[in-house]
Amino acid sequence: MRRSSTVGVALAVMVTVGPAASAQERALNQGHPVRLDDAYPIAAGDATLLLDGGLRTQAQSANRGVFPIDAQYAILPNTQLSVGSVLTTTPHETSSPGSGDLTVAARATLGRQSTFLPTMAAQVGVALPTGVGSRSVDVELKGLATRSATLGLLPMLFHLNAAAQFRATRPGSDEHLVRYRLVAGSSFAIPQQATTTVVGDVFADQALRRGQRETIGVELGFRHRISPRIAFGGAVGTEIAGPRDRSPFFATLGMSVDFDLPAFGKPPP
């Protein structure tokens with residue numbers, strides 16, 4: 001399995017600080033449990049530890065277990081720093097050969113929803129060459145948009161994520177230097193049960209190697225907050241088009257724990 005000692009140290013520091021008095025309001029985080037991410041900021045000083053475990057069936061190779069872990073922290077208002085990794089039971093067989101398993105990212109909110117524009121955010125992420133078989137530094141530029149609307153009596157949120165991933169160092173001769181990732185979907189809180197969010201999305205990922213088909217799939221998931229500090233969620237999905245060894249079925253379960261840390265611009269208690 002892939003391992004990253006840096007992630008372990010960062011997460012251990014967050015866990016020892018103590019739980020947050022008030023939880024953040026963001027409901028969607030990429031990979032926990034679906035790929036879709038919302039554009040909302042977290043309050044200065046809020047931090048979250050996200051832990052998930054999943055199973056991916058493969059059409060032509062061994063099924064694999066996948067265990068994403070992320071830590072997020074807002075050190076300034078309308079910003080977010082994050083560090084994350086993915087452990088897998090088949091580290092030599094990934095959709096992005098040569099990429100590392102340690103990712104650091106920074107996000108900033110660009111604007112709140114107005115009459116004509118959605119809430120928007122931008123994120124820069126760097127995947128470092130750590131883990132089995134890694135050799136390249138990958139840089140990702142990502143834009144996020146979220147807009148609220150009411151359909152009948154049901155308030156809904158509509159989301160769009162668009163990212164360009166650059167193979168910054170040591171690209172293979174048959175690899176794309178730039179590839180795209182797109183996710184679009186919607187989410188809503190269940191009426192009379194505001195602590196539960198349901199989300200569905202469609203995604204498309206360009207293949208790393210030239211000549212391979214892009215992967216297209218769908219997901220359906222939920223997130224339920226069981227206390228002001230703790231939430232759990234799950235998702236199922238399928239890759240309906242793509243390379244021959246795509247995943248016909250995958251499922252994820254996970255949880256998040258919120259913490260309260262010092263920050264610049266944080267209002268007094």
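The values are calculated or read from the model by the stated rules, or taken from the named source; none is laboratory data. On a predicted model such as this, the values are computed, not experimentally measured, just so you know. Cβ atoms come from the backbone with ideal geometry, glycine included; neighbour counts cover every protein chain shown.
Details
- Subset of the range 132-174 that is assigned to a loop (DSSP other than H, G, I, E, B) and in contact with a strand residue (DSSP E or B) (Cβ under 7 Å, 6 or more places away or on another chain) - its residue that is surrounded by the fewest Cβ atoms within 10 Å (Cβ to Cβ): Asp174
- Residue pairs meeting the criteria (Cβ under 9 Å; at least 6 apart or on separate chains; first without any contact (Cβ under 8 Å) to a residue 24 or more places away in the chain and surrounded by 23 or more Cβ atoms within 10 Å (Cβ to Cβ), in the range 37-55; second among the aliphatic types (A, V, I, L, M) and assigned to a loop (DSSP other than H, G, I, E, B)): none
- Note on the range 180-230: residues that are assigned to a loop (DSSP other than H, G, I, E, B) and farther than 24 Å from Phe166 by Cα total 6.
- Arg179 of a type in the set (Lys, Arg), on the phi < 0 side of the Ramachandran plot and under 20 Å from the mean Cα position of the chain (by Cα): yes
- Residues of the range 108-131 that turn out to be buried (at least 17 other Cβ atoms within 10 Å of the Cβ) and under 30 Å from Thr89 (Cβ atoms), as a count: 7
A quick yes/no check of all residues on (1) in a strand (DSSP E or B); (2) at pLDDT below 50; (3) within 19 Å of the chain's Cα centre (by Cα); (4) among the basic types (Lys, Arg):
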residue: Val9; (1), (2), (3), (4): no, yes, no, no
residue: Thr16; (1), (2), (3), (4): no, yes, no, no
residue: Ala21; (1), (2), (3), (4): no, yes, no, no
residue: Leu36; (1), (2), (3), (4): no, no, yes, no
residue: Tyr40; (1), (2), (3), (4): no, no, yes, no
residue: Thr48; (1), (2), (3), (4): yes, no, yes, no
residue: Asp52; (1), (2), (3), (4): yes, no, yes, no
residue: Arg56; (1), (2), (3), (4): yes, no, yes, yes
residue: Ala62; (1), (2), (3), (4): no, no, no, no
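- Residue within the range 131-140 that is of a type in the set (Asp, Glu) and modelled with pLDDT of 95 or more present: yes
- Being farther than 24 Å from Ala189 by Cα, more than 14 Å from the chain's Cα centre (by Cα) and assigned to a strand (DSSP E or B) is a property that holds for Leu110.
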